[in-house]
Amino acid sequence: MGKNLDVLYAMWYRQILRFWRAKSRVVSIFTQPIFWMIFFGLGWSAAFRVGGASGLFGGIDYLTFLIPGVLMMTIFMSSFMSGMSVLFDKEFGYLKEILVAPVSRKASILGRTLGDSTIAVLQGLIITLIAYPIAPGINILNLPFVLLIGLLMSVSFASIGIIIATNLRSFEGFQLIINMISMPILFLSGVFYPISTMPEWMKVAAYINPLTYGVDVARSLLAGVGYFDLIVDIVLLIGLSTVLILIATFMFEKATID
């Protein structure tokens, strides 16, 4: 048990240290959410004030509606891209050392997933603190609870990223798949507009999207506007994160390196 905890901590710490040393990745992860808030959020917020469309957003202004979504978008983007580190480890031989080492693969992949999820949540925290001055209507006191839910959601997407990367050999293939599915996930989650305004077929797709429930929790707790019941959101996120981490663990245990 103690050895497994040592492996888990070592992998968690390695992912934290690895991210911090990749300065370009640190900058890129923060840049896109800030652009969304400034150019998309401020612009559309002004447009919706003129049109008197606050009723579409539960009676709050668009920027207050958007910020919780951007928080979860930041966590999603960071955790989803975490599978890239698996490909780097394949490329440079580190993954082979892990797979042949006399240590638990379960502890190894769990530590990696928790490390990537920790990074994602810290990024979400920083983005929210940056956004707070331009959206003071946000209930900042609920932020710790939102970040805890964000950790659950990030485990789900980090697991998906690891599942994809475990079955690929090239960075190009990983990037292609991630780019192909990340935008639909974002636009089907309610980050930018309410789920209630979606066509019925789009709502069906939104209901099977883990990001939908993370965004809904964040919006309920930070802005006081939610689409689903809060308990339903939390139960579904717990279920999804549990299932996905189990699948990621199973696939990692079966992985081989040629």
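Laboratory data are not the source of any read-out in this text; all were calculated from the coordinates shown. Not measured: the values here are computed from a predicted model. Virtual Cβ from ideal backbone geometry, glycine too; neighbours counted across all protein chains shown.
Per the Debye calculation on the range 108-253 with a single equal scatterer at every Cα and no solvent contribution, log₁₀ I(q)/I(0) for q = 0.09, 0.14, 0.18 Å⁻¹ amounts to -0.30, -0.72, -1.15.
Close amide-amide hydrogen proximity is noted between Val225 and Ser220, each under 5 Å apart and 5 or more residues distant or on a separate chain (H modeled in the peptide plane; Pro and chain starts excluded). In order along the range 179-196, the phi-based Karplus estimate (6.51 cos²θ - 1.76 cosθ + 1.60, θ = phi - 60°) of 3J(HN,Hα) comes to 5, 6, 9, 6, 5, x, 4, 5, 6, 9, 10, x, 4, 9, 8, x, 4, 4 Hz; Gly and Pro are listed as x. Straightening the chain between Tyr207 and Glu253 buys 13.5 nm, computed as 0.36 nm per residue apart minus the Cα-Cα spacing. Given R0 = 30 Å, the distance between the Cβ atoms of Tyr9 and Asn167 translates into a calculated FRET efficiency of 0.65.
As a proxy for reagent exposure, Glu253, Glu172, Glu200 were ordered by neighbouring Cβ count within 10 angstrom, fewest first; the result is Glu200, Glu172, Glu253. Taken along its principal axes, the alpha carbon cloud of the range 196-242 reaches lengths of 27, 26, 14 Å, longest axis first. Residues of the range 159-176 falling in the label zone of Met183, defined by backbone nitrogen less than 16 Å from a point 7 Å along Cα to beta-carbon, are 175-176.
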